[in-house]
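The values are calculated or read from the model by the stated rules, or taken from the named source; none is laboratory data. Since the structure is predicted, the reported quantities are computational estimates derived from the model, not experimental observations. Here the Cβ is made from the backbone with ideal geometry for all residues, glycine too, and neighbour counts use every protein chain on show. Only protein heavy atoms, including side chains, enter the accessible area calculation; ligands, DNA and RNA are left aside. Shrake-Rupley method; radii C 1.70, N 1.55, O 1.52, S 1.80 Å.
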Amino acid sequence: MKAVVKTETGFDHMQYTDIPEPKATGDLVKIKIAYSGICGTDLHAFKGTYASTKPPVVLGHEFSGVVTEIGPDVKNIKVGDRVTSETTFKTCGVCPMCKSKDYNLCGNRQGIGTQINGSMAEYLVSREESVHVLPDNVSLLSAALTEPLACGVHAAIEKGNVQPGDICVVFGVGAIGQMVMQVAKSQGATVIVAGLSHDAERFEIAKSAGADRCVDQQTENIKDIVMEMTNGVGADKCFECSGAVPAANKALELVRRKGTVVQMGVFPQSHESIWTDLILHHEINYVGSRSQKPSSWVKALELLAAGTVVPEKIVTSIDPLEKWRDGFDKMIRGEGAKGVIVLDDSLQ
């Protein structure tokens, strides 16, 4: 089968090549891939800056498809099911994080598209526990973005506890920021999306998906806007989704006393200068949100089924597998909000 393989560490070292088809053994489910999203971690893997990627490996961990084969131990998934899958392929199963199903925090976790062959291939296999059958009314294109949606659920609902009537500020208008915005809106919040002048196209996408206000921080004063919208109190929740330290500090400045700031973005350095005085004196809850976990997927699929979030609205480019470089190049240049690779659009 055809696949995009990261062959060794370092910059690029990517090949569109033939590799053997996987087999569905044990509790494994074999999936024919329809769509595979291009994630920021895939771009970091391309650049050789993502330590979790262990070549040789097929990239890709956001996907949808149809089941073509099941292992003998599979009980609840059948051939022909339209599915997506969590990225977790293997965990230790014994640590406290595994026992509470916080698989995203297991120190021995192996993930699809990083240590285990991923979705930029005609087929992949995933363990049954991670596979989810799709609601009938959800398109395979939207379903391919269930993973970033689940990340948004984890941040906005499970860590941020967004409530009806909350005023939220989302820093970053890429795919993750867009998903956090949609999830927060689904919970009844008013959402302000903050970015920069080059995010004009992404602002329009956010508006079409329900954002209440988009702020170009290079031409507008976001503090003035937030304080006007909150009668000088500050935002209830702020989400840092850009990986920019100035955005995190601006979030700490804009959130109300006893408010919550959720960090999703990965900063350039492991140690950065954060405005800790505000955390202390305003009793701010500064919370990390890493990836997603099983409960995040359950809620994400509920939102998809209800139609209150529509991930495919953020897709701005779709390229075939053999032209994967075109898709990667567009995302690296910052064009649009979300790039997707199509492997088989005949699947329904």
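Structural remarks
- Residue count for segment 57-79, restricted to those that are open to solvent by less than 50 Å² (accessible area, probe 1.4 Å) and outside any strand (DSSP E or B): 6
- Every listed requirement among (1) surrounded by fewer than 21 Cβ atoms within 10 Å (Cβ to Cβ); (2) of a type outside the set (A, V, I, L, M); (3) farther than 14 Å from residue 119 by Cα is met by residue 21 save one, (3).
- With respect to the conditions (1) assigned to a helix (DSSP H, G or I); (2) charged (D, E, K, R); (3) free of Cβ contacts under 8 Å to residues at least 12 places away in the same chain, residue 199 lacks only one, and its number is (3).
- Residue within segment 27-39 that is in contact with a strand residue (DSSP E or B) (Cβ under 7 Å, 6 or more places away or on another chain), open to solvent by 20 Å² or more (accessible area, probe 1.4 Å), more than 22 Å from residue 299 (Cβ to Cβ) and of a type in the set (D, E, K, R) present: yes
- Qualifying position, being over 30 Å from residue 107 (Cβ atoms) and either touching a residue at least 12 places away in the same chain (Cβ under 8 Å) or touching a helix residue (DSSP H, G or I) at 6+ places or on another chain (Cβ under 9 Å) (or both), among 327, 288: 327
Per-residue answers, yes or no, for (1) over 18 Å from the mean Cα position of the chain (by Cα); (2) modelled with pLDDT of 95 or more; (3) assigned to a strand (DSSP E or B):
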residue	(1), (2), (3)
3	yes, yes, yes
12	yes, yes, no
17	yes, yes, yes
21	yes, yes, no
26	yes, yes, no
35	no, yes, yes
53	no, no, no
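- Among the residues of segment 204-220, those identified as under 18 Å from residue 244 (Cβ atoms) and either open to solvent by 20 Å² or more (accessible area, probe 1.4 Å) or among the acidic types (Asp, Glu) (or both) are 216, 217, 218, 219, 220.
- Of the residues making up segment 129-140, those that are of a type outside the set (S, T, N, Q) and farther than 17 Å from residue 308 by Cβ are 129, 131, 132, 133, 140.
- Single residue of segment 129-173 satisfying the filter (surrounded by fewer than 20 Cβ atoms within 10 Å (Cβ to Cβ) and hydrophobic (A, V, I, L, M, F, W, C)) that is nearest to residue 240 (Cα to Cα): 141
Listed here are the residues, each with its yes/no results for (1) in a loop (DSSP other than H, G, I, E, B); (2) modelled with pLDDT of 95 or more.
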position: 220; (1), (2): yes, yes
position: 228; (1), (2): no, yes
position: 236; (1), (2): no, yes
position: 248; (1), (2): no, yes
position: 253; (1), (2): no, yes
position: 262; (1), (2): no, yes
position: 267; (1), (2): yes, no
position: 279; (1), (2): no, yes
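- Some residue of segment 87-98 being farther than 27 Å from residue 16 by Cα, open to solvent by 10 Å² or more (accessible area, probe 1.4 Å) and in contact with a strand residue (DSSP E or B) (Cβ under 9 Å, 6 or more places away or on another chain): yes
- Considering the conditions (1) assigned to a loop (DSSP other than H, G, I, E, B); (2) modelled with pLDDT of 95 or more; (3) touching a strand residue (DSSP E or B) at 6+ places or on another chain (Cβ under 9 Å), residue 309 is excluded by exactly one of them, (3).
- Single match in 322, 335 (criterion: in a loop (DSSP other than H, G, I, E, B), open to solvent by 70 Å² or more (accessible area, probe 1.4 Å) and touching a strand residue (DSSP E or B) at 6+ places or on another chain (Cβ under 8 Å)): 335
- In the set (1) out of contact with any strand residue (DSSP E or B) (no Cβ under 8 Å at 6 or more places or on another chain); (2) crowded, with 20+ Cβ neighbours inside 10 Å; (3) among the basic types (Lys, Arg), residue 237 fails one condition alone, (1).
- Residue match in segment 3-15 (condition: of a type in the set (Ser, Thr, Tyr) and more than 17 Å from residue 114 (Cβ to Cβ)): no
- For segment 136-166, the set of residues classified as within 19 Å of residue 234 (Cα to Cα) and assigned to a loop (DSSP other than H, G, I, E, B) consists of 160, 161, 162, 163, 164, 165, 166, listed by residue number.
- Segment 167-192, residues that are out of contact with any strand residue (DSSP E or B) (no Cβ under 6 Å at 6 or more places or on another chain) and assigned to a helix (DSSP H, G or I): 176, 178, 179, 182, 183, 186
- Figure legend. Inter-residue proximity from segment 151-167: first residues farther than 11 Å from residue 187 by Cβ, second residues basic (Lys, Arg) and outside any helix (DSSP H, G or I), beta-carbon distance below 7 Å, spacing 6+ or different chains. Indicated pairs: 154/293.
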